[in-house]
Number of protein chains: 2
Amino acid sequence: MLTKEEIVRYFKSLQDDICAALEKADGSGKFIEDQWDRPGGGGGRARVIHGEVLEKGGVNFSAVHGTLPEKITAKLGVATGDFFAAGVSIVQHPVSPEVPIIHMNVRYFEMSNGTWWFGGGIDLTPHYHEAEDEAFFHAQLKTVCDKHDVNYYPRFAPWADNYFYLKHRKETRGIGGIFFDRLGGQDGHDRASRFAFVKDVGEAFAPIYTHLIKKNKDKPYGDNEKKWQALRRGRYVEFNLVWDKGTKFGLDTDGRTESILMSMPPMANWVYNHTPEAGSREAQTLERLRRPVEVMPV
Amino acid sequence: MLTKEEIVRYFKSLQDDICAALEKADGSGKFIEDQWDRPGGGGGRARVIHGEVLEKGGVNFSAVHGTLPEKITAKLGVATGDFFAAGVSIVQHPVSPEVPIIHMNVRYFEMSNGTWWFGGGIDLTPHYHEAEDEAFFHAQLKTVCDKHDVNYYPRFAPWADNYFYLKHRKETRGIGGIFFDRLGGQDGHDRASRFAFVKDVGEAFAPIYTHLIKKNKDKPYGDNEKKWQALRRGRYVEFNLVWDKGTKFGLDTDGRTESILMSMPPMANWVYNHTPEAGSREAQTLERLRRPVEVMPV
């Protein structure tokens with residue numbers, strides 16, 4: 001049977017592999033690592049890069065355990081007890097506004113009463129919308145999903161649109177991707193088949209992002225594009241601090257703040273009532289982010 | 001008897017007076033105004049300045065009414081019904097890291113069943129802690145409070161420390177000030193005496209901030225100080241988006257996002273695990289922000 005130790009071992013090796021691939025894609029930056037312990041049990045390896053292509057990027061591994069506060073068990077709808085949670089979390093903020101921001105997370109959760117599930121997802125936040133990149137990104141994710149269950153992509157893609165949504169802006173964070181949670185022993189799946197899917201999601205990350213970096217990193221840009229990038233980074237901050245359940249969970253459970261907030265961008269800006277010029281690339285991007293999204297209660 | 005109309009008239013004139021005083025202190029910037037209507041009832045006058053001293057500042061007036069969603073009445077512990085809320089909200093982000101960020105809010109709330117209260121406060125967020133400015137700031141607020149009730153300052157100063165607290169950083173947002181809420185007809189006060197106090201708080205704002213601007217705006221600073229300012233602005237964002245009840249209330253009740261988020265700074269930065277050099281002005285400031293604060297459930 002699949003053990004926690006095996007999952008932890010895999011997540012660690014995934015972190016290693018992704019860091020190596022990102023360093024290669026960057027060409028100059030190297031990850032620095034902080035190992036940390038969680039007072040309540042467990043800990044993690046936080047890794048951050050400041051490179052030539054990746055202005056600020058984090059690839060974090062953590063495996064924590066302990067007793068869940070009742071406040072959280074109530075929210076999760078699980079019995080009080082000991083929990084174990086492990087995962088890899090990534091956010092990359094590139095230097096160039098022509099390269100998209102990307103986020104990936106894969107995680108495993110189990111309770112002492114035997115409840116278990118996997119969760120995760122990958123989503124893309126281009127500063128400038130490129131239809132070709134969007135098509136590529138979603139095609140890659142669909143391929144990964146379809147290999148495991150043809151129902152995955154049709155469920156997980158709308159779930160991402162729904163999850164990465166700034167209700168107060170009526171904007172999505174980006175062009176979506178896939179998001180999934182509480183994938184347990186339902187729908188004919190077992191721990192091994194869920195794990196096989198999550199592994200493939202994790203392993204899809206580096207090739208996808210490396211491709212998008214290579215394709216876009218040498219495109220020219222100027223002050224105008226940098227200014228727009230700072231505004232989009234501001235929206236990224238808004239999503240993560242106002243709406244992201246993972247961030248809330250971390251801050252509520254006395255998680256390691258510096259690891260949770262490694263998702264925060266460098267140099268974000270807020271301009272009151274900013275409205276891009278009609279027909280500009282900025283306006284076209286906003287239009288794409290304001291596509292109709294059915295907001296489901298999750 | 002004091003009417004809603006009188007309170008509204010006063011808040012509008014307070015907005016006018018404060019804008020005039022800030023334009024004078026800035027010496028160059030002028031407020032631009034957006035009038036807006038709230039679909040559910042009421043509206044406001046949003047005013048924003050981009051000046052020489054004040055990089056980005058908002059002075060907003062609003063007066064809104066309608067039916068409170070049950071989600072909110074439950075939180076407030078009031079019966080379902082129609083509400084009326086009016087107030088003035090200010091956040092100023094100065095160009096110079098030597099000039100503190102300031103926030104003020106005064107507000108009035110009433111329900112159709114006759115429940116009413118005033119709330120508000122002023123708090124100061126210096127990028128660099130200056131003991132002299134802190135002493136001046138608190139002395140001014142204490143004078144305003146003492147004029148109305150000697151119990152105000154001893155209650156409202158700790159309330160500010162408690163409210164403007166970043167639990168996930170174990171840091172206060174700044175050096176505190178005063179914060180108060182639900183000042184109704186308790187403790188021998190009536191609507192007129194509460195209103196008289198709130199007026200004095202509102203009118204204390206311009207002289208206090210003008211003094212702090214004049215005293216600090218011509219101090220020299222360099223790249224190092226601008227970098228630190230961007231990090232402190234990042235913390236300001238974290239407080240407002242993660243912890244501030246007013247922001248949450250606004251975003252939850254479909255408030256006008258651009259008015260609510262006028263508190264967001266220009267150019268904020270996040271540096272992973274940033275630790276200032278021991279003994280530096282930055283370290284001394286952090287030490288002050290990490291003073292012990294008794295966190296009360298509010």
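Each value in this text was obtained by applying a stated rule to the coordinates, not by laboratory testing. Remember, predicted model here, so these are calculated numbers, not experimental data. Every residue, glycine as well, gets a Cβ built from its backbone with ideal geometry; the counts of neighbours run over all protein chains shown.
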Item to check | Teacher prompt: B:LYS226 distances to equivalent labels in other copies, 7 Å Cα→Cβ, nm | outcome: 1.1
Item to check | Among B:THR125, B:MET264, B:GLY177 - extreme Cα towards positive end, dipole of the range B:4-289, charges at beta-carbon | outcome: B:MET264
Checklist entry - To the nearest whole number, what is the average tally of beta carbon atoms from other chains within 10 Å of the beta carbons of peptide B:234-243? => result 4
Item to check | Estimated [θ] at 222 nm from DSSP helical runs (n ≥ 4, -39500 (n - 2.57)) normalised by residues in chain A, nearest 500 | outcome: -13000 deg cm²/dmol
Item to check | Beta carbon of chain B nearest to the axis of the rotation taking B to A, residue and angstrom distance | outcome: B:LEU241, 2
Checklist entry - What nm distance separates the two modelled labels at B:ALA21 and A:ALA21, each placed 7 Å from Cα along Cα→Cβ? => result 5.8
Item to check | Part-to-part distance (alpha-carbon centres) for the range A:193-211 and the range B:1-62, which is given in Å | outcome: 51
Item to check | Of A:PHE118, A:PHE83, A:PHE179, the one that fluctuates the most in a GNM where chain A has Cα springs shorter than 10 Å | outcome: A:PHE83
Checklist entry - In nm, one decimal, shortest first: how far is the label point of A:ASP34 (7 Å from Cα along Cα to beta carbon) from the matching points in the other copies? => result 3.7
Item to check | B:THR143-A:ASP146 pseudo-label distance in nm [points 7 Å out on the Cα-to-Cβ vector] | outcome: 7.5
Next on the checklist: With 43 Å as the cut-off, how large is the P(r) tail for the protein assembly as shown, expressed as percent of Cα-Cα pairs?
Outcome noted: 24
Next on the checklist: Cut-off 10 angstrom, C-alpha nodes, Gaussian network model of chain A. Which of A:SER96, A:SER13, A:SER280 fluctuates the most?
Outcome noted: A:SER280
Checklist entry - What is the dipole size for the range A:1-53, taken about its Cα centre, with +1 at each Lys and Arg Cβ and -1 at each Asp and Glu Cβ, in debye to the nearest 20? => result 160
Checklist entry - Binning every alpha carbon pair distance of the range B:4-289 at 10 Å from zero, what are the percents per bin? => result 6, 29, 37, 21, 6, 1
Item to check | Copies compared at B:ALA79 - label distances in nm, ascending, label defined 7 Å from Cα in the Cβ direction | outcome: 4.4
Item to check | Nearest-20 debye value, the range A:4-289 charge dipole, Cβ charges on Lys, Arg, Asp, Glu | outcome: 320
Item to check | Average other protein chain Cβ within 10 Å of Cβ, residues A:252-265 | outcome: 3
Next on the checklist: Let's see if you can work this out: charge +1 on each Lys and Arg Cβ, -1 on each Asp and Glu Cβ, no other charges. What is the dipole magnitude of the range A:230-292 about its Cα centre, in debye to the nearest 20?
Outcome noted: 240
Checklist entry - Taking chain B as a Gaussian network, where each spring joins two C-alpha atoms under 10 Å apart, which residue of B:THR275, B:THR172, B:THR143 fluctuates the most? => result B:THR275
Item to check | Exceeding the 25 Å Cα-Cα cut-off - candidates B:LYS142/B:LYS215; A:LYS147/A:LYS248; B:LYS147/B:LYS219; A:LYS245/B:LYS56 | outcome: A:LYS147/A:LYS248; B:LYS147/B:LYS219; A:LYS245/B:LYS56
Checklist entry - What are the GluC sites (Glu not before Pro) within the range A:198-298 that DSSP puts in a loop, where the Cβ has at most 13 other Cβ atoms within 10 Å? => result A:GLU277, A:GLU294
Next on the checklist: Taking a ≥ b ≥ c as the square roots of the Cα gyration tensor eigenvalues, with a/c under 1.5 meaning rounded and otherwise prolate when a/b beats b/c, else oblate, which class fits the range B:86-137?
Outcome noted: prolate
Next on the checklist: Checking the table A:LYS226/B:LYS227; A:LYS75/A:LYS199; A:LYS170/A:LYS214; A:LYS217/B:LYS30; A:LYS214/B:LYS226 against a 29 Å threshold on Cα-Cα, which pairs fail?
Outcome noted: A:LYS170/A:LYS214; A:LYS217/B:LYS30; A:LYS214/B:LYS226
Checklist outcome for this item: If unit charges are put on Cβ atoms (+1 for Lys and Arg, -1 for Asp and Glu) and the dipole of the protein assembly as shown is taken about its Cα centre, the option from B:ALA196, A:THR275, B:PHE84 lying farthest towards the positive end turns out to be B:PHE84
Item to check | Dipole of chain A, positive end: most advanced residue of A:HIS148, A:ALA230, A:ILE101 [Cβ charges, Cα centre] | outcome: A:ALA230
Checklist outcome for this item: Summing +1 per Lys or Arg and -1 per Asp or Glu among the other residues with Cβ less than 11 Å from A:PHE31's Cβ gives -2
